[in-house]
Structure formats: C-alpha cells, structure tokens
Amino acid sequence: MPTEVLVMCSRCGRPQRAGAGRCAACGAVLPDAPLPLRTGSPVAGPFLSAELAGGRVLVGEGNRLSFRPGASATPFLFELPGLRRLSLVHRPRYEALALTVGALGVLPFVQVAPARVLLGLLALVGVVLALLVRRYTLVLDSGQGETRWDLGPVLRGSPMELRVRTAWRTLTDVVRARGIEVREPPSEGSAPRA
C-alpha cells in the first residue's frame, strides 16, 4: 500500500494530503507535490541501466527493455506490454570442462613426469573454472516464444555478479508492478536450470 504524501500549506503551515488542491483549514491553494506511483502504472523514463561483462548493456526505459550483446553490436528491443513471464537463469561454465577432458584425454599418452603434472594441473583448472564462473541468461517469455539474452559469464561473488543481481532486482520490481510473472533464479542449494 503506497504511503500518503503530505504538503505544507504556504498560508497556515498545516500539513495536507498532496493533490487535494486547496487547504482544508484556510482554503489556500496547496503547492504541487509529486504523487507516488500507483501499483500497475507504467514507469515513465529510464528505470534500469546496467553495464555487464563483455561490453553487454541492459537498459530499461518506459515500456521498453533493450539489450546490447557487445560493445559494437546492435541492441535488441523488447516491448514490456508483450511480456508474460520473466526469469533469470544461471549455470556453471560447463565449457571450461572441455579443458579438463582434453588434459585427461592426453594424460595416458604422456610419459614425462613434469608434463603429466602440468596436464593434471590443467585438468584441475578446468574444474575450478566450471565451479567458480557462472553464465547468466535473462529469459523473456511473450507467450508466443522465449527470447534469451546472454548476460555473460561472471565470477561467483564478484562485483560483476552483484551488478547482475542488482539489475535483476530492479527489473523484477518494475515488471511485478505491471502484473507480470517473475521466476526467481534457483537458490544456491538447488540445481541451476539452463
């Protein structure tokens, strides 16, 4: 429930409800005050601007959400009135496991001890990268299909991950106010969805 905004009467100094027009005590014209947004009313002007990994930029303004997947790429646009459901998914960086698989695949054919140690360390680096780096994807469902925007890989617990999470919270507040369904990302304890 929105809180009531009060203004002070310039003649008698009594607090009055904003938007009442005239003071209830002395009848003087009340000064204008910004009224709070009503739930479900569209946000006018910019409500989100986030610079993400790899030159990606996510911007929300009015009834439109735009995403630029790279520094020199053309932005994609999505009209919020057509949005039915919004979700943010993350998954480990499974691509890093290719490094592990490659190193372990070559290991039986290498006989030199220092090279074997190096391949073992390379395999371990692949596992660590898969566990520490996440790939975030914003999923916009229009009811006629899904649009997926890759927000990029981020290191767990890094300032970039905090930026992604902050942008997500801002975006969810705006779309929930419009009555759009939001699916939260899985918690740390549950298995991530791709």
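Please treat every number below as a calculation from the coordinates, not as lab data. All values reported here derive from a predicted model rather than from experimental measurement. Note: ideal-geometry Cβ built from the backbone for every residue, glycine included; neighbour counts use all protein chains shown.
Things to note:
- Residues satisfying the stated conditions in segment 122-178, i.e. among the polar types (S, T, N, Q), within 30 Å of residue 100 (Cα to Cα) and within 13 Å of the chain's Cα centre (by Cα): 137
The rows are residues; the columns are (1) in contact (Cβ under 8 Å) with a residue 40 or more places away in the chain; (2) surrounded by 15 or more Cβ atoms within 10 Å (Cβ to Cβ); (3) in contact with a Gly (Cβ under 8 Å, 6 or more places away or on another chain); (4) among the polar types (S, T, N, Q).
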{"residue": "88", "(1), (2), (3), (4)": "yes, yes, no, no"}
{"residue": "95", "(1), (2), (3), (4)": "no, no, no, no"}
{"residue": "112", "(1), (2), (3), (4)": "no, no, no, no"}
{"residue": "119", "(1), (2), (3), (4)": "no, yes, no, no"}
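- Going through (1) surrounded by 13 or more Cβ atoms within 10 Å (Cβ to Cβ); (2) touching a strand residue (DSSP E or B) at 6+ places or on another chain (Cβ under 8 Å); (3) not in a loop (DSSP other than H, G, I, E, B) one by one, residue 185 falls short only on (3).
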